[in-house]
Amino acid sequence: DTEVTQTPKHLVMGMTNKKSLKCEQHMGHRAMYWYKQKAKKPPELMFVYSYEKLSINESVPSRFSPECPNSSLLNLHLHALQPEDSALYLCASSQVWDRGIPEAFFGQGTRLTVV
Amino acid sequence: AQKVTQAQTEISVVEKEDVTLDCVYETRDTTYYLFWYKQPPSGELVFLIRRNSFDEQNEISGRYSWNFQKSTSSFNFTITASQVVDSAVYFCALADDSGNTGKLIFGQGTTLQVKP
């Protein structure tokens, strides 16, 4: 069983809706990530949090708003999305990279459909 | 610039065959890390292995083995005696030490189908 839990597993939302994706880990990791994966493509990094602070934003549109309320939780707030934002959204966590780049552990993802 | 190439888009084998998934990477950094992940239909990426650029020792874990060759910038993955449960998309990924970001650069993935 994965130790990174994402909810919901599936989400259908309209273009005017506001929704949130949630991610939780209990491995004591202090780095957390959001990736976006389109069908038959590799994951693409969106955001990185290190010690609960945003350290990377890969030029993601403002309709995606991340939040890291504590070391175990990571949220992705969604507002006014477009149909092309439909994808699998993956959360991951890892130790921080003060001793090299560690492996990241991924959740099962949220399959998002924007209608 | 960093890049990972997985030239094999899809591979189909019959159960019990051995199969090798190729991965070629590009980076200008001397310190970097290579990873393999498995993505079954459920969607989760399952971590398989991490290797740093200073450790060229090959590794074996059960039916899985990895061949890291810096001279050819390759990090290939072999499954011995494949099983139906090995059917998945396999990603090779690269991260370097320069930005201290933990960012992974993924290859395009290889879809492996193991038929009974």
| note | Here, B:LYS115 and B:SER42, labelled 7 Å along Cα→Cβ, have an inter-label distance in nm of 2.7 nm
| task | Work out the charge dipole of chain A with +1 on the Cβ of Lys and Arg and -1 on the Cβ of Asp and Glu about the Cα centre, then indicate which of A:ASN57, A:PRO42, A:SER72 is farthest towards its positive end. | result | A:PRO42
| Considering chain A, which cysteines have no disulfide-compatible partner, defined as another cysteine with its Cβ under 4.7 Å away? | A:CYS68
| query | Label point 7 Å out from B:VAL84 along Cα-to-Cβ: which residues of region B:36-72 have amide N under 17 Å? | reply | B:40-42
| Using the Karplus equation 6.51 cos²θ - 1.76 cosθ + 1.60 (θ = phi - 60°), what ³J(HN,Hα) coupling, rounded to whole Hz, does each residue of region A:37-48 give in order, writing x for Gly and Pro? | 10, 7, 4, 6, 10, x, x, 10, 5, 10, 9, 10
| message | Please list, by residue number, everything in region A:1-37 whose backbone N is under 18 Å from a paramagnetic label point 7 Å out along Cα→Cβ of A:GLU84. | response | A:15-16, A:36-37
| message | List the trypsin sites (Lys or Arg not before Pro) within region B:1-107 that DSSP assigns to loop and that have no more than 12 neighbouring Cβ atoms inside 10 Å. | response | B:LYS16, B:ARG28
| query | Under a 5 Å amide H to amide H cut-off, with H placed in plane at 1.01 Å, what residues pair with B:VAL46 once short-range neighbours are removed? | reply | B:LYS38, B:GLN39
| task | Determine the dipole magnitude for chain A: charges of +1 sit on the beta-carbon of Lys and Arg, -1 on that of Asp and Glu, nothing else is charged, the reference point is the Cα centre, and the result goes in debye to the nearest 20. | result | 340 debye
| query | Which residue, chosen from B:ASN58, B:THR27, B:VAL14, occupies the Cα position most advanced towards the positive end of the dipole of region B:1-79, where the dipole is computed from +1 (Lys, Arg) and -1 (Asp, Glu) charges on Cβ about the Cα centre? | reply | B:THR27
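Each reported figure results from applying straightforward, stated rules to the coordinates on display, with no laboratory input. All of these numbers come straight from a predicted model, not from anything done at the bench. Positions of Cβ are backbone-derived with ideal geometry, glycine not excepted, and every protein chain shown enters the neighbour counts.
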